[in-house]
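Visitor: Got a structure here, written out as structure tokens. Questions coming.
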Amino acid sequence: MVRRLSREQSSRRYGRRVEAGLSEQVSGPSRYSSRVRRPSIPLTGQPGVKVDARSERWREHRKKVRAEIVEAAFRAIDRLGPNVSVREIAEEAGTAKPKIYRHFTDKSDMFAQIGERMRDMLYAAVIPSINIESDSARQVIGRAVEHYVELVDQHPNVVRFLLQGRFADQSAAAMSTVNRGRDITLAIAEMVSGELKDMNLKPEVFELAAFALFGTAASATDWWLGGNDDNTRRMPAEDFVAHMTTIMMGAVNGTAELMGVEIDPDQPIHDAVRRQDNSEHAVG
């Protein structure tokens, strides 16, 4: 009897709970009906924010250490030559060789960063020295070549290291360096193209000229530095600058001919370029 009453009581209680549940599904629980869900906003003291801040500090630290290692690599290559080892770079940086690989994926990654550093140095030296609005084509080319040769003369072993790619790990980095170096001539070509935009000249010809000019400069630099690491130059720097300026002006004149224009090398670029009369290559 007691067990039967307990089951009945349990059944009645369960039934009431089911009915209450069905009622809430229809009308919704009154105590929650006035609430509005709002997205959670992390507070400054929450652990997630601390993790993000810590990650950001680590990223900045890693970036700083990578830059310091690249600077040390520059010094080591300048001093020891293009056959420098990672161990020697680590010693120059005042750290252990394994730490190098904690901050770079592999040697190729570090070599690529050295190439980027050289590209940035070249950009900082060349671009501020020219004024496309007022300089003549000869001045633009001459100043760019002069600053380029100065930088090469200051870091000949670094340039050899990047251009010659003496190690298997450097092959990809060497190509990457060439591609980054083209950024300088492409930037100048884009500025010239912008100065002459009212003439509606073909942009792909400017791009072709930029690639050709940098390829000429890289190959000529490799020749000028010589095959040995004894810092012997094939000719004095001032002669190399003069010859390279003349050679590159020839490329500029050839590019102008392709586009059906003539250029006065000693006039500001915007005033120096005019269309050839009766040219089959004129773009209008």
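Visitor: How would you classify the range 107-275 from its alpha-carbon gyration tensor, with a ≥ b ≥ c the square roots of the eigenvalues: rounded for a/c under 1.5, else prolate if a/b is greater than b/c, otherwise oblate?
Guide: Numbers: a/c = 2.24, a/b = 1.71, b/c = 1.31.
It is prolate, given that a/c is not under 1.5 and a/b is the larger ratio.
Visitor: As an exercise, use a Förster radius of 35 Å and the Cβ-Cβ distance of ARG75 and THR246 to find the FRET efficiency, rounded to the nearest 0.05.
Guide: Values: r = 35 Å, r/R0 = 0.99.
Between ARG75 and THR246 the formula returns 0.50.
Visitor: At a Förster distance of 41 Å, what's the computed FRET efficiency of ASP198 paired with ALA67, Cβ-Cβ distance as r, to 0.05?
Guide: So, using R0 = 41 Å, E works out to roughly 0.45.
Visitor: Given the options ASN83, ILE100, VAL149, identify the residue whose Cα lies farthest towards the positive end of the charge dipole of the range 78-157 (+1 on Cβ of Lys, Arg; -1 on Cβ of Asp, Glu).
Guide: ILE100
Visitor: Assuming 0.36 nm per residue, please report the length gained on full extension of the stretch GLN154 to SER129 beyond their Cα-Cα distance.
Guide: My answer for the length gained is 7.2 nm.
Visitor: Give me the extension gain from ASP109 to GLU56: residue separation times 0.36 nm, minus the current Cα-Cα distance, reported in nm with one decimal.
Guide: Using 0.36 nm per residue and subtracting the Cα-Cα distance, I get 16.9 nm.
Visitor: Using amide H atoms built in the peptide plane, which far-off residues or other-chain residues are under 5 Å from GLU262 H to H?
Guide: ARG274, ARG275, GLN276
Visitor: If each of ARG102 and ALA212 carries a label point 7 Å out from its Cα toward its Cβ, how far apart are those two points in nm?
Guide: 5.1
Visitor: Then there's this: Which of THR232, THR245 has the fewest other C-beta atoms within 10 Å, and how do the rest follow up to the most? Display every interim value, and only then the final one.
Guide: Values: THR232 10, THR245 19.
Lowest count first: THR232, THR245.
Read-outs throughout are calculated quantities, based only on the coordinates presented, and are distinct from any laboratory measurement. All of these numbers come straight from a predicted model, not from anything done at the bench. Methodologically, a virtual Cβ is constructed for each residue, glycine included, from the backbone with ideal geometry; neighbour enumeration extends over all protein chains shown.
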